[in-house]
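Have a look at the structure below, then the notes.
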Amino acid sequence: MKISLIAAFWLLIWVATWAKPPALIPAPRRVVWTNEAFRLQGLIRVLTPNAQARVVADSVVAFLRQQGTKAQTVDSGSAQAGAQVVLKLEPMGAFRDKPEGYSITVSAKNIQLTAATERGLFWAYRTLQQLVQPGPPPSLAGCQITDYPAFPVRGLMHDTGRSFITLDTLRAHLQQMSRYKLNTFHWHLTEDLAWRLASDSLPQLTEAIHMQRDPGGFYTKAEVRGLLQFAHERHIQIIPELDMPGHSAAFRRATGVDMQSEPGKKWVKSLIREVCALFDAPYLHIGTDEVAFRDSTFVPTMMGVVRACGKEVIGWYPGGKMDSLAIRQLWMSARKPLPGMRVIDSRDLYLNHYATQADLISLFQRDFCDVPEATPRHLGAIACIWNDRRPASTAQLERLNGLYPILLTFAERIWRGGGKPETQTGVVLTDPAAFAEFEDRLLTHKRLHFSQKVFPYVRQSGLHWRILGPFPNGGNLSASFPPEEGNLHFPAVSATGATVYMRHTWGPSVVRAYLPDPKPNHTAYAYTEVYSPKAQTVGLWVDFHNYGRSEKDAAPPAGAWDHKGSTLWLNGERVPPPNWQQAGLRPQNLEQPYQNEPYEAREPIAVSLKPGWNRVLLKLPVGSFSTPEYRLVKWLFTCVFVRREGAHWETADELIFSPEQSPKKL
């Protein structure tokens, strides 16, 4: 009887363990789950074929030891009985045309990782890390995986020219990039505010007196070499950017000359040679955007210097005129790439403009470079964070830009490819089942791997709304319409999400939102019914503007939610806004950080829900789409009930959001 009970106990553990397969991000091209499990206990031999694979083998051994095993590396010729992990490099095998591709087979006693290159083996190891199932003892889920990326360039850009970011922070971000198979770090090192890279030929560039933000913050060459080694070990290439000849006021302050002057060009040539000698990537990014050219020879001259150093040129597009050999990084949707142009996509990939909850949906659904997968001309994409508005801290930079949830979503889409143009899908959830499946994986990673990190994303696939109107308000943002009196019987648009755009920041010609033809001087309403199983107090995240991290957005006036007259009612009672720490602030420059204006930066409002159905109604007026308070008016709302779970806020999952008062959870 005792044996039977023990067997039944372990059967229940096995069933619970296998109720769901591991949450893999990015999802592999092909995965077949089996009913086997590789137990992480005792001695495990890791067999490596040659020195090239030894580095990956050492990483596998370290990972297995962290799980409590006695793993050790052995030569492939010394195989013995017992649990083992075999690494195989097959340059002419199945992945000969896919240098980052790999396969994994996990059975009860054996694991095999196969790839054509060391990088492919490394990505196999990164997937292996995500296969851990809880114990005791822990195990690796039995499976057969075949995988490779859709695009060769999968990256993140940090603007350290404007705001200095410490090496510890950069290493932390590179570590997470590598975990999710992002392989490119675009390092924007120079700006009007500061020049952050030490120079032997022009040491005055990094003197604190010439820096207008974070004086004294720069990177020595030794520190750069250390970060390059850190990135190399994680199979990330670092592409440096020296922005020229625009965004270079710091250069002008330090040297007393403009880059386009004759002495300026001489110094720039010297700096290019220094940087090319320091960095090992085959590229140098030279910027060339947002500047008036007085010297038509500047760009071709500097391109020639870069190429003489054995590097390829990358430049922004639109930007300076370059030949067809240059790679262009796209940043403006209105300017289509020219025929034959090699491109990296950063259009609508500026995280500093993202409303995390809604734009994450758009990112999950979109394509890159207007193609489903790479071609010789379509290389991939880089997500960018611009720090025009001074961040209060690294945590605020991560929180307001939704760095980690956006990074994981970007990693999923850029690895797998596919997607549709944002004009077709955008922030409108078009495939609820696919998104809900991804959201489950994303929140699993939040729980398992980001429990002590900033991760401002909550479940939203079950939050359903109706949008009424919009009603013409003639420019009177306080005008009242029938929904305020309880009349909700108007044609409605269904919407889903914790943040819902009526009109996206860039308008429907760039990103689709929920209103098909949004116009200024209108008032929309959104409502839902929220079922609570009991009377309870919960937190409420609510906002009516997304505060741009590169904008001089004004703080709301005291007693108001925003500068548009937005209003929220819960069960007919108006919900008052928080006490703003900078009420009424209209910043004259970009040096005043946000405080509690963004909802992510403040405690949720405590509200009471009654048992049964609770009505939420939001008034959403808009005047012009550009005002003195907001250069970029965001016609949106954020509204979600949350509670604290550990270090994070999470959606109050027992609630049902249903405008129709449907009794079942959607």
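Annotations for the structure displayed:
- Flag if Ala433 is surrounded by fewer than 23 Cβ atoms within 10 Å (Cβ to Cβ) and free of Cβ contacts under 8 Å to residues at least 60 places away in the same chain: yes
- Residue check for Ser178: under 24 Å from Asp280 (Cβ atoms), modelled with pLDDT of 95 or more and in a loop (DSSP other than H, G, I, E, B): no
- Tally of residues being aromatic (Phe, Trp, Tyr) and assigned to a strand (DSSP E or B) across region 229-245: 0
- Candidate set: region 390-417, residues that are over 13 Å from Leu351 (Cβ atoms) and outside any helix (DSSP H, G or I); chosen: the one nearest to the chain's Cα centre (by Cα): Gly417
- Selection status of Phe185, part of a loop (DSSP other than H, G, I, E, B), closer than 25 Å to Cys384 by Cα and at pLDDT 95 or above: no
- Looking across region 188-208, just one residue is in a helix (DSSP H, G or I), in contact (Cβ under 8 Å) with a residue 12 or more places away in the chain and surrounded by fewer than 19 Cβ atoms within 10 Å (Cβ to Cβ), and that is Gln204.
- With respect to the stated conditions, Ala57 fails to be at pLDDT below 95 and buried (at least 21 other Cβ atoms within 10 Å of the Cβ).
- Any hit, region 33-46, residues being touching a Lys or Arg at 6+ places or on another chain (Cβ under 9 Å), within 18 Å of Pro137 (Cα to Cα) and either of a type in the set (Gly, Ala, Ser) or at pLDDT below 95 (or both): yes
- Residue selected from region 56-105 under the condition among the basic types (Lys, Arg) and outside any loop (DSSP other than H, G, I, E, B), by the criterion nearest to the chain's Cα centre (by Cα): Arg65
- Residues located in region 335-358, provided they are over 25 Å from Val500 (Cβ atoms) and among the aliphatic types (A, V, I, L, M): Leu338, Met341, Val343, Ile344
- Looking across region 147-176 at every residue that is crowded, with 19+ Cβ neighbours inside 10 Å and of a type in the set (Ser, Thr, Tyr), the one that is nearest to Arg30 (Cα to Cα) is identified as Tyr148.
- Only residues that are of a type in the set (D, E, K, R) and closer than 20 Å to Leu24 by Cβ were counted in region 91-146, giving 4.
- Residue in region 597-607 that is assigned to a loop (DSSP other than H, G, I, E, B) and over 25 Å from Ile467 (Cβ atoms) present: yes
- Residue ID - surrounded by the fewest Cβ atoms within 10 Å (Cβ to Cβ), chosen from residues in region 355-383 that are more than 30 Å from Trp541 (Cα to Cα) and in contact with a Phe, Trp or Tyr (Cβ under 6 Å, 6 or more places away or on another chain): Ala374
- The residues listed here are Asp97, Asp58; of these, the one that is within 22 Å of Tyr148 (Cβ to Cβ), out of contact with any Leu (no Cβ under 8 Å at 6 or more places or on another chain) and assigned by TED's automatic domain parsing to the domain that holds Tyr125 is Asp97.
- Given (1) farther than 21 Å from Asp58 by Cβ; (2) surrounded by fewer than 21 Cβ atoms within 10 Å (Cβ to Cβ); (3) not acidic (Asp, Glu), number of the condition Gln129 does not satisfy: (1)
- Within region 106-157, considering residues that are among the aliphatic types (A, V, I, L, M) and in a helix (DSSP H, G or I), the one nearest to Glu90 (Cα to Cα): Leu121
- Positions within region 233-252 being surrounded by 23 or more Cβ atoms within 10 Å (Cβ to Cβ), closer than 16 Å to Ile314 by Cβ and of a type in the set (A, V, I, L, M, F, W, C), in sequence order: Ile239, Leu242, Met244
The values are calculated or read from the model by the stated rules, or taken from the named source; none is laboratory data. A quick note: this is a predicted structure, and the numbers were derived from the prediction, not measured. We place every Cβ from the backbone using ideal geometry, glycine too, and count neighbours over all the protein chains shown.
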